[in-house]
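Worksheet: one structure, shown below.
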Amino acid sequence: MNNKHWRANKGEFYYYIVDLIFSTSYVDERSLDDDFNYKIGNYFKTKEQADKVAKEIENILNKHKND
């Protein structure tokens, strides 16, 4: 079984979450930032996937903002 998650080819776009709740696309140039995003799972094939996780993060933050 392959546990490796999808990664764009060098020079292709991927999506990641910025400012905790917004997604954007970026070209994977195998930079330190690209590698870091991939390593922590902040790396998505589609905007819809990134937006879904961003919304989950926003919900968690909203739940705890009055703690």
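The values are calculated or read from the model by the stated rules, or taken from the named source; none is laboratory data. Just so we're clear, the structure is a prediction, and the values are computed from it rather than from any experiment. No Cβ is skipped: glycine too gets one built from the backbone with ideal geometry, and neighbour counts run over all protein chains shown. Keep in mind that these areas ignore ligands, DNA and RNA; they rest on the heavy atoms of the full protein, side chains included. Shrake-Rupley method; radii C 1.70, N 1.55, O 1.52, S 1.80 Å.
The figures follow:
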read-out	value
Karplus (6.51, -1.76, 1.60) ³J(HN,Hα), θ = phi - 60°, over segment 5-19, in Hz, Gly and Pro reported as x	8, 4, 9, 5, 5, 4, x, 9, 7, 9, 10, 8, 8, 10, 6
Mean Cα-pair separation over length for the chain, i.e. relative contact order, pairs under 8 Å, 6 or more apart, %	33 percent
Charge tally in the Cβ shell below 11 Å around ALA54, where Lys, Arg are +1 and Asp, Glu are -1, ALA54 excluded	-2
Rounded accessible area of ASP67 (nearest 10 Å², 1.4 Å probe)	140 Å²
Hydrodynamic radius (Kirkwood) for the chain, which is based on Cα pairs only, to one decimal in Å	12.7 Å
Stretchable slack from SER31 to GLU12, in nm (0.36 nm times residue separation minus alpha-carbon distance)	5.6 nm
